[in-house]
Amino acid sequence: MIENKQETIVAGIRASGKLHIGNYLGALKDFVSLPNDKTKTCFFFIADLHALTTPFEPKVLKDTVLDVTATYLAAGLDINKCVFFPQSQVLEHTELAWIFNCLLPLGELERMTQYKDKILQHKESINAGLLTYPALMAADILIYKGQSVPVGDDQVQHVELARVAARKFNNRFGKTFFEPKTYMQKPLRIMSLSDPAKKMSKTGDEALLLDDSPEEISRKLKKAVTASEPGKKSAGVENLFLLLEHFGTEQEIAGFRDLQKNETLKFSELKETLANNISGYFAEFREKKKELLAKPDFLAEVLGDGAAKARTVAGETLLEVKQKIGLL
Ligand code: TYM
């Protein structure tokens, strides 16, 4: 049974590769902590249907879903305190997405910056899913009557579109959904280590993966772009300080900021501190994840159990929606 608490939280992560520190700080870390708050009902999922919008291989997709499942669990997600499942196993998501596709104006979808970026990146395979992606995302949230959505900065525009979908539906068919908000007042954006003008993403050397060994973390950070002179501020240096805010002690943060002010900051020392702290922070995670990946049947069972719970709530919402729009 899923208890009805005061606030419903919904969010997911795409099964499109190994998760990085941006995914962790922007989303997964909140997924782990939020269910401890007894006033919140939490639904967290693996967005495997959204993974179909960019090129994929079936075998790799299957392995990635298990890998992301192990990542959620190794990071500390407590499946007894939240509902955790793969999006594709709860068919109600896609049915509500279709209804939103028929409600959302094309212009609203076309102006999404992620859509505009992706159609430039994937010129040879611009599929319709890239355009309608936010309608599915709105359905993911609203099928559970979600109110608050823990996401990084790059997904804020999509959450706003989910608000538009909720508003349009409510205005036309009567109050049904909350207008969801992002959970963080100021969502986070961790930048690429090699090109700090871009956000960190799931591919390439510019991302610190949660699975990276201490040696990998150190190697990637050593190569991270900084600034030409020790005291200079730059996007790369500020990105390292942003990481330090999450993985450093107050003393370390204040100490390195002082050195920066005095123009005596050695980037190599800042990078070494970060590498040590990040490696240490994820040491237990790496061990737990290895153990979990050795138990694929257990992971599949966790996903199946979660999906069954999610379906009970999603089914109720869809029934209400279909009645309201005249399909039932
Ligand atoms: P995805 O898989 O691209 O990213 C998962 C989460 O990680 C955040 N994130 C970042 N945060 C900070 N800095 C970064 N560099 C960074 N890169 C990624 C993202 O903002 C996101 O919160 N569309 C979503 C998945 C999704 C979803 C949903 C989320 C599908 N349906 C419904 C919330 C609600 C996505 O592609 O995430």
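The values are calculated or read from the model by the stated rules, or taken from the named source; none is laboratory data. Quick caveat: nothing in here was measured; it's all calculated off a predicted structure. So basically every Cβ, Gly included, is an ideal-geometry build from the backbone, and we count neighbours across all protein chains shown. Side chains are part of the model used for accessible areas, which takes the heavy atoms of the whole protein and leaves out ligands, DNA and RNA. Shrake-Rupley method; radii C 1.70, N 1.55, O 1.52, S 1.80 Å.
Select from the stretch 99-147 the residues that are small (Gly, Ala, Ser) and open to solvent by less than 10 Å² (accessible area, probe 1.4 Å) and write down the one among them that is farthest from the ligand (Cβ to nearest atom).
Among those that are small (Gly, Ala, Ser) and open to solvent by less than 10 Å² (accessible area, probe 1.4 Å), it is ALA135.
Tell me which helices (runs of 4 or more DSSP H) are completely within the stretch 150-263 and hold 1 or more residues being open to solvent by 30 Å² or more (accessible area, probe 1.4 Å) and more than 16 Å from the ligand (Cβ to nearest atom), or say none if there are none.
Numbers: elements: 156-173, 214-223, 235-247, 250-261.
Answer list for the stretch 150-263: 156-173, 214-223, 250-261.
For the stretch 265-274, does any single residue satisfy the condition of being over 25 Å from the mean Cα position of the chain (by Cα), in contact (Cβ under 8 Å) with a residue 40 or more places away in the chain and open to solvent by 50 Å² or more (accessible area, probe 1.4 Å)?
Yes: one or more hits.
Among the residues of the stretch 1-23, how many are touching a helix residue (DSSP H, G or I) at 6+ places or on another chain (Cβ under 7 Å), open to solvent by 10 Å² or more (accessible area, probe 1.4 Å) and more than 7 Å from the ligand (Cβ to nearest atom)?
3
Here is a yes/no grid of residues against (1) open to solvent by 60 Å² or more (accessible area, probe 1.4 Å); (2) outside any helix (DSSP H, G or I); (3) touching a residue at least 12 places away in the same chain (Cβ under 8 Å):
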| residue | (1), (2), (3) |
| --- | --- |
| PHE298 | yes, no, no |
| GLU301 | yes, no, no |
| LYS309 | yes, no, yes |
| GLY315 | no, no, yes |
| VAL321 | no, no, yes |
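Contact list please: Cβ distance under 9 Å, first residue in the stretch 124-139 and in contact (Cβ under 8 Å) with a residue 60 or more places away in the chain, second residue open to solvent by 20 Å² or more (accessible area, probe 1.4 Å) and of a type in the set (A, V, I, L, M), pairs at least six apart or on different chains.
What qualifies is ASN127/LEU52; GLY129/LEU49; GLY129/LEU52; GLY129/LEU136; LEU130/ILE119; LEU136/LEU49.
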